[in-house]
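Take a look at the structure below.
The values are calculated or read from the model by the stated rules, or taken from the named source; none is laboratory data. Note that the coordinates shown come from a computational prediction; the quantities given were computed from them, not determined experimentally. Positions of Cβ are generated from backbone atoms using ideal geometry, with glycine treated the same way; all protein chains shown enter the neighbour counts.
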Amino acid sequence: MDEEKLITMAKEGDLDAFNRLVLSYQNFVYSITFRMLYAEDTAADAAQEAFILAFRKIRTHRGGSFKAWLGRIATNVCLDELRRYKRHPEDSLEETMELSEGFDASLPGPMVEGKPGPEGALEQNELAQAIENCIRLLPDEFRAVIVLVDVQGFGYNESSTILKRSVGTIKSRLARARARMRDCLQHSRELLPDAFRLQDEVLL
């Protein structure tokens, strides 16, 4: 059954149809919530909340990309959670924002280049972990943009819709986020492809 039919059935209150949509997008939603919150339990709760909200609001989906619509809900849930922790610093989320050994931190994109053999696989994993750590250190608004564009592959227009910010703002935040990522990753510069390494004189 195609996605549009499932969405139509879910709008009519068919929980089974909605659960099939959940199965299709659960990894996508959890990837967003984990990379925004970096705490397994909190991310799982946020993903569950996102799907609950999606089911309640599914009649507001007016066509277009269901993935982008769902991504907006998941991202907003995470941003609300981050704001809540800022209002209540005694429940600091930073204490739980650590990478889990069981989480697949592999990222798409040019920074992770395949190398044959066990040594290459180890370096690739170390680089992926370094990228994840740098994403975790970004301010919330920068992290949201880089997760949507560079991790999830959304375009500027889709990210603009998800975050309810202008395309110009998305591009500006992404450029600044990438600059911070580049600086952060210099601590692991031996793992980076040559194109991503700053020259020694720049680092001095």
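Under 20 Å from residue 82 (Cα atoms) and part of a helix (DSSP H, G or I), is that true of residue 182? Criteria not met by residue 182. Residue 7 falls short on exactly one of the conditions (1) under 16 Å from residue 162 (Cα atoms); (2) touching a His at 6+ places or on another chain (Cβ under 7 Å), and that condition is (1). Would you say residue 157 is modelled with pLDDT of 55 or more, under 22 Å from residue 69 (Cβ atoms), surrounded by fewer than 17 Cβ atoms within 10 Å (Cβ to Cβ) and in the same structural domain as residue 185 (by TED's automatic domain parsing)? The answer is yes for residue 157. Within segment 154-177, being among the small types (Gly, Ala, Ser) and outside any loop (DSSP other than H, G, I, E, B) holds for 159, 160, 168, 172, 175, 177.
Could you tell me which numbered condition residue 60 fails, if it satisfies all but one of (1) at pLDDT below 95; (2) within 29 Å of residue 128 (Cβ to Cβ); (3) not hydrophobic (A, V, I, L, M, F, W, C)? Failed condition: (2). No other residue among 83, 20, 35 is under 19 Å from residue 136 (Cβ atoms), in contact with a helix residue (DSSP H, G or I) (Cβ under 7 Å, 6 or more places away or on another chain) and among the basic types (Lys, Arg) apart from 35.
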